[in-house]
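One structure is given below, encoded as structure tokens.
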Amino acid sequence: MQIFKTVKEVQEYLTKFNTKSIGFVATMGALHEAHFSLIERSKEENDITVCSIFVNPKQFNKKEDLIKYPRNVDADLDGLRKVGCDIAFVPSVEEMYPAKVQKEFDFGLLSEVMEGEHRPGHFNGVAIVIERFFEILNPTRAYFGEKDYQQLAVIKSLVEKLNSSVKIVGCPIFREKNGLAMSSRNERLSTEEKELAGEISKALKFVSTNRDTHTISELKNWFSNKMNEHELFDLEYFEIADEASLKPINNWLGSEKQIAFTAVNLNGVRLIDNMTIIN
Ligand code: AMP
């Protein structure tokens with residue numbers, strides 16, 4: 001596996017593969033099985049796979065969250081070697097942003113609800129870094145997890161806005177045995193907390209399978225009561241939103257497919273998850 005820290009080096013290397021397809025997986029490190037599944041998918045569908053490890057300061061609206069974000073580059077590189085990744089791109093902040101960036105994207109509702117409402121500026125920061133990566137690497141396909149469903153929707157919209165040829169591929173959510181969606185942030189949970197965190201996906205599962213028997217407001221109350229049963233949980237939001245527009249809805253009519261979305265803080269660790277509502 002090639003490891004590059006500078007834009008110049010990675011670009012020089014990639015020019016050799018001019019005619020080949022490049023698959024790209026953007027990560028913030030502290031890699032786990034879900035990240036590796038994205039790499040594997042990219043390897044199946046492309047000639048070469050590039051994985052970036054970059055904790056993007058622009059997408060953190062709280063400094064404390066950025067400082068606490070888990071970092072373990074050596075273990076990440078070992079994992080990437082094992083999975084057969086071709087190129088690890090590990091740039092510094094200065095390399096990614098040599099000059100001040102002051103871009104303001106407008107994704108409308110997609111970036112205003114849920115994560116957008118609770119993490120102001122987050123999606124603008126995500127769009128800035130992804131545009132920069134696309135500019136540097138010019139990938140054929142880029143792989144993003146449905147765990148960050150709203151991010152995936154924003155990136156699809158970004159690609160349209162930029163008139164970019166990069167094909168965005170959404171990949172299913174990887175979960176622990178107890179249902180907890182895998183996340184780098186889970187590293188900050190104790191074994192007991194990880195066990196408890198499985199309750200979030202179990203509650204989402206109940207919601208996703210009870211469309212026919214409950215109104216949305218009943219399910220919202222049910223979910224919030226369920227989270228309140230455990231004092232370590234602090235529910236940030238729970239919404240049922242239209243799958244395409246991501247507009248939160250209060251009534252099943254008028255939306256063909258829906259997804260339940262939540263963000264829950266568990267002892268200071270922010271966990272997000274979502275599940276498709278079964279019709
Ligand atoms: P991150 O390092 O958290 O920025 O994640 C890098 C990529 O991995 C993003 O596209 C995430 O959506 C994806 N990802 C993270 N966790 C999961 C998961 N549990 N299942 C599927 N994709 C994931």
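Data for the structure
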{"quantity": "Distant-in-sequence amide H partners of R175 (H built 1.01 Å from N, under 5 Å)", "calculated": "M182"}
{"quantity": "Residue with peak Gaussian network fluctuation, the chain [Cα springs, cutoff 10 Å], from F206, F24, F123", "calculated": "F206"}
{"quantity": "Binned Cα-Cα distance frequencies in the stretch 2-171 - 10 Å width, integer %", "calculated": "10, 39, 40, 11, 0"}
{"quantity": "Charge-dipole axis of the stretch 2-171 as Lys and Arg at +1 and Asp and Glu at -1 on Cβ define it, positive-most pick from I168, T19, G145", "calculated": "T19"}
{"quantity": "Dipole moment magnitude, nearest 20 debye, the chain about Cα centre, only Lys, Arg, Asp, Glu C-beta charged", "calculated": "500 debye"}
{"quantity": "Formal net charge of residues neighbouring L14 (Cβ-Cβ distance under 13 Å; K, R +1; D, E -1)", "calculated": "-2"}
{"quantity": "Residue among N267, N251, L232 farthest towards the positive dipole end of the stretch 184-272, charges placed on Cβ", "calculated": "N251"}
{"quantity": "Protein accessible area in the stretch 117-163, 1.4 Å probe - carbon and sulfur %", "calculated": "38 percent"}
{"quantity": "Prolate/oblate/rounded call for the stretch 184-272, Cα gyration tensor, a/c under 1.5 rounded", "calculated": "prolate"}
{"quantity": "Restraint check, K5/K68; K58/K220; K156/K247; K8/K103, Cα-Cα greater than 25 Å", "calculated": "K58/K220"}
{"quantity": "Those aspartates and glutamates that a straight Cα-Cα span of less than 17 Å connects to K226, excepting residues fewer than 8 apart in one chain", "calculated": "E193, E195, E199, E218, D234, E236, E239, D273"}
{"quantity": "S21-L232 pseudo-label distance in nm [points 7 Å out on the Cα-to-Cβ vector]", "calculated": "4.3 nm"}
{"quantity": "Radius 13 Å from Cβ of K205, net charge of other residues (Lys, Arg +1; Asp, Glu -1)", "calculated": "+2"}
{"quantity": "222 nm mean residue ellipticity, helices alone, for the chain (DSSP H n ≥ 4; -39,500 (n - 2.57); rounded to 500)", "calculated": "-11500 deg cm²/dmol"}
{"quantity": "Magnitude of the charge dipole, the stretch 118-259, Cβ model with Lys/Arg +1 and Asp/Glu -1, debye to 20", "calculated": "480 debye"}
{"quantity": "Segment K167-H118, length gained on full extension (0.36 nm per residue, minus Cα span)", "calculated": "14.8 nm"}
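The values are calculated or read from the model by the stated rules, or taken from the named source; none is laboratory data. No experiment lies behind these values; they were computed from the predicted model shown. Counting neighbours? That spans all protein chains shown, and the Cβs are built from the backbone with ideal geometry, glycine included. Accessible surface is based on the protein model in full, side chains and every heavy atom, while ligands, DNA and RNA are left aside. Shrake-Rupley method; radii C 1.70, N 1.55, O 1.52, S 1.80 Å.
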